[in-house]
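Working notes for the structure below.
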Amino acid sequence: MDDDQLRISDAERERAAADLAEHYTQGRLSTEEHAERSDRVWAARTKGDLLPIFRDLPGPYGPPREAEPWARPTERAHWSTGPRPCAGRRDASAPVVVVLVVLLGITVAMHVPVFLAGLLVVAFVLSRHRRRAMWGRPSPR
């Protein structure tokens with residue numbers, strides 16, 4: 001069975017009506033066109049009934065769009081086992097690296113006070129130990 005012959009649900013009709021309203025608010029449709037097409041959306045029974053309503057509009061029901069020039073398929077390098085991003089594409093791992101650096105910074109910032117407090121305790125104990133050693137008193141046990 002062809003996808004165009006599949007029956008649609010009320011939720012799909014509502015989604016199509018919302019898409020049509022968006023085209024109207026963006027000025028692609030006049031008030032009369034919007035009203036006429038809305039009636040056809042609510043009367044539609046199959047996906048094939050929706051296609052003519054959106055045929056001249058961009059979007060999921062409209063004509064298939066050509067691939068963007070930057071959306072070329074990935075090429076494989078002869079030494080690589082995975083796809084290599086094409087020139088002009090952003091590296092998807094950059095946001096991950098930023099998040100990891102931020103998390104590392106937060107971790108270090110949270111532990112610096114504990115580390116400094118430890119250094120203060122060690123300095124205090126050493127200063128007390130040196131002071132007793134200087135006066136020749138044995139340390140109490």
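Before moving on, here are some points about what is shown:
- Selection from region 7-51 of residues that are surrounded by 14 or more Cβ atoms within 10 Å (Cβ to Cβ), charged (D, E, K, R) and in contact with a Lys or Arg (Cβ under 9 Å, 6 or more places away or on another chain): 12, 47, 49
- For region 79-90, the count of residues that are more than 25 Å from residue 4 (Cα to Cα), at pLDDT below 85 and assigned to a helix (DSSP H, G or I) is zero.
- A Cβ distance below 9 Å, combined with a sequence gap of six or more or placement on separate chains, defines the contacts here; from region 15-29, residues that are without any contact (Cβ under 8 Å) to a residue 40 or more places away in the chain reach residues that are of a type in the set (Phe, Trp, Tyr) and open to solvent by less than 90 Å² (accessible area, probe 1.4 Å) in the pairs 20/54; 23/54.
- Considering residues of region 31-76 that are among the aliphatic types (A, V, I, L, M) and at pLDDT below 75 only, the residue nearest to the chain's Cα centre (by Cα): 71
- Summed over region 30-46, the residues that are assigned to a helix (DSSP H, G or I) and without any contact (Cβ under 8 Å) to a residue 12 or more places away in the chain give a count of 7.
- Test: residue in region 1-9 that is modelled with pLDDT of 60 or more and within 26 Å of the chain's Cα centre (by Cα): no
The values are calculated or read from the model by the stated rules, or taken from the named source; none is laboratory data. As the structure is a computational prediction, the values presented were derived from the model and not from experiment. Every residue, glycine among them, receives a Cβ derived from its backbone with ideal geometry; neighbour counts consider all protein chains shown. Only protein heavy atoms, including side chains, enter the accessible area calculation; ligands, DNA and RNA are left aside. Shrake-Rupley method; radii C 1.70, N 1.55, O 1.52, S 1.80 Å.
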